[in-house]
1. Could you tell me the calculated FRET efficiency between B:Glu282 and A:Glu54, based on Cβ-Cβ distance and R0 = 41 angstrom, to the nearest 0.05?
2. Using square roots of five times the C-alpha gyration tensor eigenvalues, list the equivalent-ellipsoid semi-axes of the stretch B:11-161 in whole Å, biggest first.
3. Working from the pairwise distances between different alpha carbons, so that the mean of 1/r is found and then inverted, what is the stretch B:230-328's Kirkwood radius in Å?
4. If every alpha-carbon in the stretch B:312-415 counts as one equal scatterer, what log10 I(q)/I(0) does Debye give at q = 0.14 1/Å?
5. Using just the Cα positions, wrap the stretch A:63-192 in a convex hull and report its mean projected area in square nanometres, one decimal place.
6. Need one word for chain B: rounded, prolate or oblate. Basis is the Cα gyration tensor (sqrt eigenvalues a ≥ b ≥ c); a/c below 1.5 gives rounded, then a/b vs b/c decides.
7. Which pairs, out of A:Lys97/A:Lys175; B:Lys155/B:Lys472; B:Lys269/B:Lys369; A:Lys63/B:Lys270; B:Lys270/B:Lys425; A:Lys19/B:Lys5, put more than 26 Å between their alpha-carbon atoms?
8. Let me know the whole percent of all Cα-Cα pairs from the protein assembly as shown that are separated by more than 46 Å.
Amino acid sequence: MTKDQQKDDRMEQAVAKKKKRSFWRMMIMTVVLFAGAVTIMQTFDQAGNDGRIEAGDEAPNFKLVTLDGSTLYERDNYEGKGMLLNFWGTFCEPCKKEMPVVQENYATLQDMGVDFWAVFVGETPLRVDNFINDLGVGLDYPILMDTQSEVEGAYGIYNLPVTFVIDGEGNVIEKYEGELTKEKLMELAEKSL
Amino acid sequence: MLDMKYEGADLRSKRRPKSIIDRVWNFFASVKVGLWLIALIIVGSAIGTIFPQEMYIPQQLPPEQYYMEEYGTPGSIYYALGFHNLYTSWWYIGLIVMLTLSLVVVSIDRGVPLYKALKKQPVRRTERFMKGQRLFGQGDGTEAQIDEISVALKKKRYTVKRDGDALLAEKHRFGRWGPYVNHLGLVIFFLGAMLRVFPAFHTDTLEWVREGDTVSLEATDGEYYLRNDQFILEMYDPENNEEDAKFAAAIEKAGAVPKNYETELTLFKKTGTNEDGSPQLEQVDVGSTKVNHPFKFDKFEVYQEQYSSRPEFLSMSFMLADKETGDEYGPFKVDLENPEKSYELDGVTVTLKDLYPDFEVKDGQPNTKSPRALNPAFFFNVESPEGETESNLIGIRLNVADEENRYDVQFAGTEMASTSGLRVKSDSTYPILIVGATIFMIGIAMGMYWPHRRVWIRRHEEGVLVAGFTNKNPSSLRREVSPLLEQTGLPMWEDQARFTEKSENESTDERGES
């Protein structure tokens, strides 16, 4: 073996060693960073999974009966273009104010292909019936009973009134907390299309 | 003097970087980067204590609203940056991950060359190397003297190696691994902390359960259900309880003092689903949870954490009295959740016209403040057998009726239910955290209490060279070995660092002999 050959051999060995080292470095860093990325993804997953339905979530299904007990409404069976899903209570002052506004514009909404469902939460039908009679305005849109607060729980409701803008595919486009004015109502209806 | 930190070993990260892999490696191998990461984690943790964490704020409001209303703009910034859930915020975990990587890389980068260098260290070192040690001396001496001190050093529990007329005595080399063991412990600890993000390892939810109600436990992913059989709030009672009597004076001063908060529970397991979507439940266990005495099942613990100070009404019963004849009718019971509309009482008909679960008068009108049955009021119509109708508004400390009414509606009893706030927890990461923390402490102890000591002696030209190294507390190495040098008549060493300032231009590249 000549001197040059020995030198070449050593060079080769050095290069092989370096490659091996690079490989291990890469492996170690990849493993740690990958584990970190999975963990961080999980935190994002949970942050969005706090039980409150927000824009971007799918609207949970429910089956509710109207106040007079005559009709069953199921969220996933809805076939219109868009939907405004409203939650309210008799104890909530802005809810009381927005109801006549919704009634006034309900026909327009329907012409647009948008339905308005109003769910009352955790109350007795008796109280709600009296409340609507006292309102002095006949309501044409469906008033749905969530006496056991089950749908309220599924949507994670904190404040009333709240209106979910839901598109034809059943995705929540926006969650609006607060009283509906005519302008707001129309704006939300447009968004649901 | 020589820099002996890593035995003058060739640190991979100190070489000129070539590929991207090397550059990233070198970034994380930097102690400076590691210290910055630690500093950022500390500052982040400190800021996280300025406002309460999300788990400690009231639950009536959504958190973003709570932080905004309670603390203003700083509060909403705090919320937006995720400080309200510090330990699971993406950037905090990101910092922990980077620190973990830094610890792994730095340990491999420094630990491996150090290990190799110490394993292969020669007994005979060069004059330059020995002169570069902190403890160094030279003078006359013979090989016989070196043999003699070899025996003496062995008695002091040194491991002595000989190479002709050269000697290397070494003790507590494993103390040098302290920092690496410590890093390993930290990495395990952080791994455990990261696993807490996954529900399979750690869950923590608060469930509000009213007496008599059964709820699905979110923490168990709906597998288990709990029923609140009874909530118990006991007060210290010095008058009727002998045990408590000895605290009478203190209780008098403090007023009512709670003695026990307890919820009696029944645990169910879901076995299937009924056609209407309701769960089929099978009773698994009965027990109770008190403060500090959780109810345990599977890997979960149920803690008594809160209770609602105002119990809700489930039902109210009434009697009807005929003022003219003195006849009494009833009692009849009104279920507050699902009330009947009319009640037949021997010819007298009571009709429930309205029901206000949380009664108030607003703008002169009866109203309800909330849907919770905290202060119920009832609007009744009473129809006599003759067909005359009277009306009554009756509630707690409230009875609005016409003076001339024939019938008087009176309370006859109530059924109430307390609501208990139970925290359901599971944490399988404790063993990992404990193992990590233990290894961490072992590493610290190794590095702190077992200094690595080495003594080199060799003949050089006509005399003898003596050098000593320790990574901690050189004066105790001197105290240990100097008397031996004196006894055997070998040249005494001097502490070279004692009187000379470390020169500024001492290059870190100086690595002793290669």
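1. Values: r = 36 Å, r/R0 = 0.87.
The value I calculate is 0.70.
2. 57, 20, 13
3. Values: mean 1/r = 0.0550 Å⁻¹.
Hydrodynamic radius (Kirkwood, Cα only) of the stretch B:230-328 equals 18.2 Å.
4. Cα-only, vacuum Debye calculation for the stretch B:312-415: -0.51.
5. It is 7.0 nm².
6. Prolate shape, in that a/c is at least 1.5 and a/b is the bigger ratio.
7. Over 26 Å Cα-Cα: B:Lys269/B:Lys369; A:Lys19/B:Lys5.
8. When every Cα pair of the protein assembly as shown is considered, 48 percent fall beyond 46 Å.
Rule-based calculations on the coordinates, nothing more; no lab input. For clarity, every value in this text was computed on a predicted model and none was experimentally measured. With ideal geometry, Cβ positions are generated from the backbone for all residues, glycine too; neighbour counts draw on all protein chains shown.
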